[in-house]
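Below is one structure, written out as structure tokens; the observations come after it.
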Amino acid sequence: MPAVLLKPGREKSLLRRHPWIFSGAIQHVEDEPAPGGTVDLLTSNREFLARASYSPTSQIRARVWTFEDEPVDKEFFRKRIRSALGSRRALNVGEDTNATRLIYAESDGIPGLIVDRYGEVLVLQSLTAGSEFWKETLADLLLEETGLPTIYERSDADVRELEGLEPRTGLLRGSISNLQFSILEHGLGYLVNLQHGHKTGSYLDQRENRLRVRELAGDKEVLDCFCYTGGFTVNALAGGARSVLSIDSSAEALALCKENVERNELPVTRHTPLEGDVFQLLRRLRDENRSFDLIILDPPKFAPTAAQAERAARGYKDINLFAFKLLRPGGILVTFSCSGGIDAGLFQKIIAGAALDAGVEAQIVAHLFQGPDHPVSLHFPEGAYLKGLVCYKRAR
Ligand code: SAH
């Protein structure tokens with residue numbers, strides 16, 4: 001068995017069950033394995049620590065499959081998949097929707113593998129050399145364990161490049177007649193495109209937060225920034241919003257947003273889609289003395305890693321500052337960050353700074369999180385990427 005020997009003392013994170021080994025922790029590699037092949041991680045004294053996949057081109061050189069001395073084979077992955085499916089069942093995920101995440105990589109003990117279920121279709125994303133090495137086996141197991149016939153692959157995320165992998169999109173198992181899919185969620189429908197939509201087609205992680213916005217939107221004038229295909233917009237209208245202004249820079253996304261409002265037979269007269277850059281349009285709305293009762297900010301990832309955190313922090317502060325200004329006293333800001341490089345504590349500090357500079361008094365009334373089908377292993381805090389705050393702007 002190929003082995004990776006760690007430098008003395010560098011086993012500490014593994015002893016806390018964190019699943020990553022960075023290249024700098026490695027002393028020596030024996031019998032260099034193929035990309036994605038299985039290696040033993042050993043202390044400098046050759047004591048067994050874990051069994052992992054090997055990524056020769058990535059700074060994250062190895063990702064742990066298991067901390068036990070057990071074979072990593074098809075039956076091993078079957079157990080992991082069963083356990084992931086079991087947790088969704090136990091938590092009643094999917095009761096009120098036909099689209100859920102079934103496997104969330106490290107959090108479910110299968111680094112690199114993401115599997116989302118859209119009705120009868122599984123959408124698979126393989127992000128690491130290890131998940132790529134086992135992809136065909138994993139695909140077979142997914143069909144066996146779910147009883148579903150079709151897997152569509154969306155391995156087109158940028159991070160694959162770090163693993164030396166080319167992007168790949170297309171059918172992996174079964175057949176599919178229509179790549180448009182209608183998500184049903186808490187009684188509303190959203191058209192998404194499995195081939196071109198963001199991530200595996202849509203933002204399943206915001207499911208519970210969309211419902212939250214629905215509950216908050218009654219009789220309010222709403223501004224939905226970075227609306228994409230209208231997840232929050234549709235919910236605000238369904239919740240009885242008096243008006244919703246939806247901003248996105250993508251014309252294509254806005255067209256789907258409009259279509260999603262119509263599909264749900266919501267009042268189109270209360271909806272205004274607006275194409276443009278949120279950073280500029282927030283300033284323009286301020287110059288026009290516009291104001292709102294509920295503002296949603298759900299921007300794209302400004303900081304995928306900690307290295308870009310500072311620039312990202314300026315971006316978050318800017319949009320939140322203007323949002324606070326545009327909010328009426330007694331208004332509510334629902335603000336998110338999905339940047340892995342910005343943790344919940346830092347995000348809260350940025351929002352506090354934005355309120356300070358906007359000259360407003362605001363209170364946090366709720367912390368928001370990704371849904372239970374995107375769990376976070378206690379040993380892998382990096383899995384917690386989505387954080388949100390609901391802030392109430394006090395009247396002075
Ligand atoms: N809120 C959405 C997800 C947002 S994804 C939902 O719940 O489904 C981020 C969106 O921001 C994308 O649609 C992208 O087109 C848009 N976007 C990125 N940068 C932007 C900018 N500077 N101004 C406006 N929209 C932007």
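Bear in mind these aren't lab numbers, they're just calculated from the coordinates by the rules spelled out. All values derive from a computational prediction rather than experimental measurement. Reconstructed Cβ throughout: ideal geometry from the backbone, glycine too, with neighbour counts over all protein chains shown.
At a glance:
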quantity	calculated
Whole-angstrom gap from the stretch 150-190 to the stretch 306-327, using each part's C-alpha centre	31 Å
Alpha-carbon gyration tensor eigenvalues x 5, square-rooted, for the stretch 77-234, Å	28, 18, 15
Under the Karplus curve 6.51 cos²θ - 1.76 cosθ + 1.60, θ = phi - 60°, whole-Hz ³J(HN,Hα) for the stretch 278-286, x wherever Gly or Pro sits	4, 4, 6, 5, 4, 5, 5, 4, 5
Centroid-to-centroid separation of the stretch 103-149 and the stretch 206-260 [C-alpha atoms, Å]	31 Å
Descending semi-axes in whole angstrom, ellipsoid equivalent of the stretch 281-357, from the Cα gyration tensor	23, 12, 10
Equivalent ellipsoid semi-axes, the chain, via Cα gyration tensor eigenvalues times 5, rooted, Å	40, 25, 17
Alpha carbon convex hull of the stretch 241-338, projected area averaged over orientations, nm²	7.0 nm²
Other-chain or far-sequence residues with amide H under 5 Å of Leu41's (modelled H)	Val4, Leu49, Ala50, Arg51, Ala52
222 nm mean residue ellipticity, helices alone, for the chain (DSSP H n ≥ 4; -39,500 (n - 2.57); rounded to 500)	-8500 deg cm²/dmol
Helix 309-326 vs. the chain, principal-axis angle (Cα, 0 to 90°, nearest 10)	20 degrees
Intensity falloff of the stretch 55-96 expressed as log10 I(q)/I(0), Debye formula with alpha-carbon point scatterers, at q = 0.16, 0.32, 0.34 Å⁻¹	-0.63, -1.03, -1.08
Of all DSSP beta bridges in the chain, antiparallel share, percent nearest 5	65 percent
For the stretch 89-142, convex hull of alpha carbons as volume per residue, Å³	78 Å³
Reachable lysines, given that their alpha-carbon falls under 29 Å from the alpha-carbon of Lys349 and they are not under 8 places away in the same chain	Lys199, Lys220, Lys301, Lys317, Lys325, Lys387, Lys393
Fluctuation leader among Lys74, Lys317, Lys135 - the chain, Gaussian network, Cα springs under 10 angstrom	Lys74
Taking the C-alpha atoms of the stretch 116-206, convex hull volume expressed per residue in Å³	101 Å³
Between 0 and 90°, nearest 10: helix 344-358 axis offset from the chain longest Cα axis	20 degrees
Convex hull of Cα atoms in the stretch 305-396, direction-averaged projection (nm²)	6.0 nm²
Translational D in µm²/s for the stretch 3-86 (Stokes-Einstein at 4 °C, 1.567 mPa s, Kirkwood Rh from C-alpha pairs)	99 µm²/s
Spin-label zone in the stretch 266-301 - amide nitrogen under 20 Å from a point set 7 Å from the Cα of Ala251 along the C-beta vector	272-281
Convex hull (Cα only) mean projected area of the stretch 142-278, reported in nm² to one decimal	9.9 nm²
At 1.567 mPa s and 4 °C, Stokes diffusion of the stretch 207-293 via Kirkwood alpha-carbon radius, µm² per second	102 µm²/s
FRET efficiency, 1/(1 + (r/R0)^6) with R0 30 Å, evaluated for Arg263 and Gln348 via beta carbons	0.25
